[in-house]
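See below for the structure under consideration.
Nothing in this text is a laboratory measurement; each read-out follows from the coordinates by a stated rule. Every value quoted in this text rests on a predicted model; they were computed, and no experiment measured them. For neighbour counting, all protein chains shown are included, and Cβ atoms are generated from backbone atoms with ideal geometry for every residue, glycine included.
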Amino acid sequence: MLGIGLVGVLLAGCVAGPDRGLGPTPQPGTEQPGATPLSSATSSPTTTASSSSGSATVGPYDFRPLPEYTGPQPLPASDGKPMLWPLETDVSVTDYSGYRESYPRYGFLDVTGKLVIPQRYESYQYCSDDSGRPVLLIANRGGDARGEVFDLSGKRLAKLPTERGDCAGPSYVITTNDGLDEASTQADVQNGLLELATGKWLIRPIKGRQLTSLRPGLINVTEPKGEYFLNLNSGRKVRHPGWVTWGSSLAAGESRLPARTKRDGGKVGLLDLDGHWMVAPTSEDVRDDGGGVTVLQRGDEDYVLIDKSGRQLPGTWSQVDEVLGSEFGFDYGPVLGYLVTGGTGQALFTADGREVIAPGLGGITCESDAGGACTFSPDVGDDQLVNLPEGTASPLPSGFSRAISAGFLGSARPNDEDSDDRILALTTGITIETIPGSVCAGAGPAFVHCGSETGPGVVIDAHGPTALASVSPLIDPAAGETRYYQATTAKFAGIVDASGAWLYRQSSYLRLED
C-alpha cells in the first residue's frame with residue numbers, strides 16, 4: 001500500500017479467449033516482440049482452451065504482434081472538445097563538467113493526431129475553467145527560456161515574463177520567480193498574477209508575496225503580515241486568520257480549507273471561505289487532497305476524517321492510507337478513497353467520505369499500482385474484489401487472491417507470496433501464465449507490467465503477452481480517466497489505445513539536443 005504521507009504515518013461475465021492457432025499471423029513489417037524464450041525447455045506450452053468452461057490459458061511467451069501502423073490516428077477527448085496529448089522523448093544534456101545525461105521532454109498532439117507543439121518542454125500543466133474542464137496548457141522549458149501558454153488546439157496565447165507559470169483559471173496565470181532552491185524560504189517567493197488577455201499585472205510580483213490557486217477564479221494571497229482570499233471574478237477580498245497549508249485546493253462543492261495558526265507552524269484547523277474557523281485549529285497536522293475529505297492528525301496515531309461540510313466521520317484511526325488512481329501527468333494519481341486502521345479494525349471510505357467497508361469486518365489490501373482496486377477478506381464469507389471510486393464488490397474467482405487492477409487478478413506462486421504465478425484477465429476470462437519469479441503491477445485498466453530476474457519483462461493485456469516493452473496510462477484531463485497509453489517497443493515510442501494499436505509513433509532512437 002502506498003500513499004502520500006502525513007508526518008510519517010499517512011503513506012501512503014467472461015468470453016472465450018483466442019487459441020494460438022486462431023491468433024494473428026505476423027505480416028511483413030509487423031513489429032515482433034524483442035523478448036524470446038530462454039530455451040526450448042523453458043518456453044511456454046501451446047495455448048490451450050477449455051470449451052467446457054469457456055476459458056483459455058496463455059503461456060508466458062505467447063506474444064502477439066502489434067497491429068500495423070498506418071500513420072497518425074485521431075485522438076479525441078472524451079467530451080469531443082479540443083485537447084492536447086503529451087508525447088515524451090529524451091533530450092541529451094551536457095552539464096558544466098562535460099557529463100551527459102538524458103531527460104524527458106514533452107511535445108503535444110492535437111485531437112487529429114498531429115504534433116502541434118514541438119518536444120522541448122520539461123514540465124506542463126492543464127488549466128481549467130469554472131466547470132472544471134481544461135481549456136489552457138502552461139508549458140515550461142526550464143533554463144533561461146520563458147514559460148508559454150497555449151489553448152488546447154496548440155495555438156500559443158502568451159509568453160510569460162518569467163521562466164515558469166501556474167494556473168489561476170482560464171484568464172490568469174500565476175508567475176513564479178526564478179532561481180529558488182532548497183535553501184529558499186517563503187520570504188523568497190515572489191509571485192505575480194498576469195492577465196492573459198492584456199498581458200498586464202493584476203497583482204505585481206513583490207518579494208514575500210505568494211499566490212496559490214484554490215480553484216478557477218479564486219486564489220489565496222499570502223503576504224508577510226497575513227493572508228486573504230481573492231475572487232478574480234468579483235474582485236472580493238476576504239481576510240482570514242489562518243495560513244493556508246501548502247498544496248491545498250478546493251474540489252467542486254467544497255468550501256473549507258486547512259490552515260495553520262502560524263505561517264511556519266502552529267496548530268491546524270479548517271477555514272470557510274468567509275474567513276472563519278469551521279473547525280477550530282487544535283490539530284497537529286493535516287492532509288487535504290481536494291477530494292472531499294480532510295484528514296486531521298490530533299496526536300500520535302490519532303487521526304480523524306472530516307467531510308466537506310466540516311462534519312467528522314465516525315471513528316478515530318491510528319493509520320490512514322490514501323488509495324490512489326492512475327498517475328496524472330507529473331502528480332500522484334487522484335485520491336479515490338481512504339483505507340483506515342484503528343482499534344476496531346480496518347475500514348474503507350471513498351474520497352468523498354462514503355463508507356464502503358465498515359470497521360472490523362475483515363482485512364483490506366489496496367496496492368499502490370492497482371488504480372483503486374482492493375481485495376477484501378471478510379471474517380465470514382468469500383474474498384471480494386472492491387473497486388473505487390464506485391465501491392462495487394464482487395467475489396474473487398477461486399485460486400486468485402490479489403487485485404492487480406480493476407481488470408486483472410493475480411495468483412501468488414506457491415511458497416513465494418511476493419510473485420505472481422498466473423494472472424486472470426476479467427474482461428476475457430483468459431488466464432496468463434507468468435515467468436517464474438514475476439512481480440506484476442497494474443498499468444491502467446488495460447495492461448499489466450511483469451518483471452522477473454529469470455526472464456525478460458513483459459507487458460500483458462487481456463489476451464496475453466504483447467510486443468510492447470513498456471506502457472503507462474495517459475489520462476484524459478477532461479474526464480480524469482485513462483484514455484490512451486504511452487508505450488514503447490525496442491524500435492518505437494508513442495501512443496497506443498487499449499488494444500495496443502499505435503495511434504502515433506516515432507523512432508525510439510530519436511534524441512534531441514537541448
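Before moving on, here are some points about what is shown:
- Unsatisfied cross-links (Cα-Cα over 22 Å) in the set LYS155/LYS207; LYS81/LYS200; LYS81/LYS114; LYS114/LYS155: LYS155/LYS207; LYS81/LYS200
- Taking 7 Å steps out from each Cα toward its Cβ at THR245 and ARG354 produces label points 2.5 nm apart.
- Fully extending the segment from SER401 to THR344, taken as 0.36 nm per residue of separation minus the present Cα-Cα distance, adds 18.1 nm.
- Placed amide H near VAL244: partners under 5 Å, 5+ positions off or other chain: ARG260
- Across segment 248-313, the mean sequence separation of Cα contacts (distance under 8 Å, 6 or more residues apart), normalised by length, yields a relative contact order of 27 percent.
- Gyration tensor verdict on segment 248-383 (Cα atoms; rounded if a/c is under 1.5, prolate if a/b is larger than b/c, oblate otherwise): prolate
- Inter-label distance, TYR99 to THR316: 5.0 nm, where each label sits 7 Å from its Cα along the C-beta direction.
- Hypothetical label at GLU223: residues of segment 230-252 whose amide nitrogen lies under 18 Å (7 Å Cα-Cβ projection): 230-232, 235-244
- Sorted on the mean count of surrounding Cβ atoms within 10 Å across their residues, most packed first, peptides 241-251, 456-466, 475-485 read 456-466, 475-485, 241-251.
- Summarising the amide proton neighbourhood of CYS127: residues at separation of 5 or more, or on other chains, whose placed amide H is nearer than 5 Å comprise VAL135, LEU136, LEU137, ILE138.
- From the alpha carbon centroid of segment 382-439 to that of segment 82-153 is 36 Å.
- P(r) for segment 248-313, from all Cα pairs and a bin width of 10 Å, is 24, 60, 16, 0 %, short bins first.
- Distance (nanometres) between label positions extended 7 Å along Cα→Cβ at ASP79 and ARG156: 2.8
- Karplus 3J(HN,Hα) series, Hz, for segment 490-504 with 6.51 cos²θ - 1.76 cosθ + 1.60 (x for Gly, Pro): 5, 10, 10, 9, x, 10, 10, 8, 5, 8, x, 6, 5, 9, 7
- Förster-model FRET efficiency, 30 Å R0, GLU481 and THR112, C-beta, rounded to 0.05: 0.90
- Gain on full extension, evaluated as 0.36 nm per residue between SER92 and ASP144 minus their Cα-Cα distance, stands at 17.0 nm.
- Note on segment 312-378: with charges restricted to the Cβ of Lys and Arg (+1) and Asp and Glu (-1), its dipole about the Cα centre is near 280 debye.
- Extension gain, ASP497 to SER472: 0.36 nm times the residue separation minus the Cα-Cα distance gives 7.9 nm.
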